[in-house]
Amino acid sequence: MKLWGGRFSEDTNQLVLQYTSSITFEQRLLPYDIRGSIAHARMLGETGIIDAEDSRKIIDGLEGILRDYEQGLIEFNLDDEDIHMNVERILTERIGEVAGKLHTGRSRNDQIALDMHLWARDAVDALRKGVKSLQQSLISVAEEHFDVVIPGFTHLQRAQPVLLAHHLLAYVWMLLRDEKRLVALRDEIDRLPLGAAALAGTTFAIDREMVAEELGFSQLYENSLDAVSDRDYLLGLLFNCSTIMMHLSRLCEELVLWSSEEFSWIELSDAYATGSSIMPQKKNPDVPELVRGKSGRVYGHLMGLLTVLKGLPLAYNKDLQEDREGSFDAVDTVLPALELLAGTLSTMRVRKDKLAHVFDRDFSNATDLADYLVRKGLPFREAHAVVGQLVSDAIALETNLAGLSLEAMQERCSLIGRDVYDVLPAKAVIRARISRGGTAPAAVQMQLALAKEQCGLS
C-alpha cells in the first residue's frame, strides 16, 4: 500500500502512475532531501516532539542512505512516485516503523520546496563560479592581445576601429551584471519554507529557526501559503540563465563569424572544433554554434514555468511538479556552456597576420576626419558632408581616405592640411578615443584594472 493510500480502495492506474511520477528526474535531489530530513529529525528530537532516541535512529538511517547514494547503491522505485516517498520507503526498510515518525509536522509540499531551495542555492553558486571562469578567460585574452586592433561594427557594417581587448571587455561587463543578479537571487533563495506543512502550518510546536540555522538559511517564509506555492526564485533562476545564455549567444555569433574564412580573425583550437564527414578541409565551430542554439532551449524553460504559474490558485497544485525538469535542464545547459566557452577562448589563436591588413580598404576613420575638420573650425554637420564626399571620391578611385592625395582632399575643403594623414591610421584613431570607457589604450588599461577589481580577479 502507498504511504498515502489509507482512504483508497483501488490500485492506481499504471498510466496515471507513470504520468504523475517525478522520481525519474528528482533523483538528483536525494542529497538535499536527506539534508532537510536530517535537520527536521534533529529538531523533532530536540523539541521533544519525538523521542531523542528515535531521532538519532532516523538520522543514522538517513546518513546511511546518503552514503549508499554517493556510491551508486540506491535503487529508486517508480511506484513510490517522488524522491520523498522513495527515501521514506528505503528508510522504513532499514530502521523499521520508527521511520514513519520523520514525517511528523511536515508535508511533501513544504519538503519539495525545501529541496528546491537547497538545490537552487547550489546551482547559483556553480553558475557564479562558471561566470567568473569565463570572465577570467576573456580578460586573459584581452591582456595577451592588448595591441590588436579590429573593426568595430554597427548594423554589422564597419564603424570605427577598437582594440580587441576593448571588445572582449564588453562581455566581461555583461557577465559582471549577470553575476550581480545571481548574488541578488541567492539572497532571495535564502528563505526556509519548511514548517509550512501542506499549506496552513502544523499543530506541533516545531522550531523553524533551529532548522533554518542548521541548513544555512538566514530568513523564513512568514506565510505558509506563500511558502509552499512560491516559485519566484526558480523564475529568477531561469531568467538569469536565459540572460547569461543571451550574452553567450552574442559572443558565440562573433566567434562563428571571426573564425570563418571571410573574416579569418581567429582560429579555434582543434580541441574545441569538429570536422565534416564529407569535406576534409572543414573545421567547424560547433561549440559556439551549439551554445548559440541552446539559448532558445533555456528561454523555453522560462516561458514554460511562467505559463505553469500564471493561473494557479493558492496553495500547492500538482502543476508545480513542472518546476523541476526545466530548472534542472537550464542549469545543466548553462554550466557546460560557460566552461566550454572559457576553454574555447583561452585556446584560440588570434590571427594577427590577417588583422594587420584588415584596414587596407576601410573607411572606419571617417568620423576622425570629420572631427579633424571640426577642430579646424568647420561645424560638424558641414564636416560630415565633406567627409561623405571624400569617401565617395575614394570609393570611385578604389582606395581609402588615406589614399587620397592632399590636393584631392583640399578640393573638397581648403581647411585640410598635410597633418590630416596623422589622424587617419587605425592606431591613431584608437589613441584618440580618450574618454572614460573609450577604446584608447590608456582608457582600456583603466577599464581592465577596474574589471578585474569588480570581478574579484585582481
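As a summary of the residue check, Asp371 satisfies the conditions (1) surrounded by 15 or more Cβ atoms within 10 Å (Cβ to Cβ); (2) closer than 16 Å to Ile150 by Cα; (3) among the acidic types (Asp, Glu) except for the one numbered (2).
Residue count for the stretch 299-341 under the criterion of being among the aliphatic types (A, V, I, L, M) and under 20 Å from Asp110 (Cα atoms): the result is 7.
Screening His166 against (1) surrounded by fewer than 22 Cβ atoms within 10 Å (Cβ to Cβ); (2) closer than 15 Å to Arg433 by Cβ leaves a single unmet condition, (1). Within the stretch 60-67, at least one residue is surrounded by fewer than 19 Cβ atoms within 10 Å (Cβ to Cβ), more than 21 Å from Trp119 (Cα to Cα), outside the structural domain of Leu215 (by TED's automatic domain parsing) and not hydroxyl-bearing (Ser, Thr, Tyr). Considered as a group, the residues in the stretch 100-143 that are of a type outside the set (Gly, Ala, Ser) and assigned to a loop (DSSP other than H, G, I, E, B) include one that is farthest from Arg208 (Cα to Cα), and that residue is Thr104.
Counting only helices (runs of 4 or more DSSP H) wholly contained in the stretch 352-458, the ones carrying 1 or more residues that are touching a Leu at 6+ places or on another chain (Cβ under 8 Å) and acidic (Asp, Glu) occupy 366-375, 380-396.
Would you check if Thr243 is of a type outside the set (Asp, Glu) and touching a strand residue (DSSP E or B) at 6+ places or on another chain (Cβ under 7 Å)? Considered against the rule, which asks whether it is of a type outside the set (Asp, Glu) and touching a strand residue (DSSP E or B) at 6+ places or on another chain (Cβ under 7 Å), Thr243 comes out as no. Checked against the criterion of being surrounded by fewer than 13 Cβ atoms within 10 Å (Cβ to Cβ) and either without any contact (Cβ under 8 Å) to a residue 24 or more places away in the chain or assigned by TED's automatic domain parsing to the domain that holds Ala273 (or both), the candidates Glu411, Glu382, Glu407 yield just one match: Glu407. Residues of the stretch 125-164 that are closer than 19 Å to Ser346 by Cα and either more than 22 Å from the chain's Cα centre (by Cα) or at pLDDT below 95 (or both): Glu143, Glu144, His145, Phe146, Asp147, Val148, Val149, Ile150, Leu163, Leu164. Residues of the stretch 28-59 that are under 22 Å from Met116 (Cβ atoms) and either modelled with pLDDT under 95 or not in a helix (DSSP H, G or I) (or both): none at all.
The values are calculated or read from the model by the stated rules, or taken from the named source; none is laboratory data. Given the structure is predicted, the values throughout are model-derived calculations rather than measurements. Neighbour counts are summed over all protein chains in view; Cβ atoms, including those assigned to glycine, are modelled from backbone coordinates with ideal geometry.
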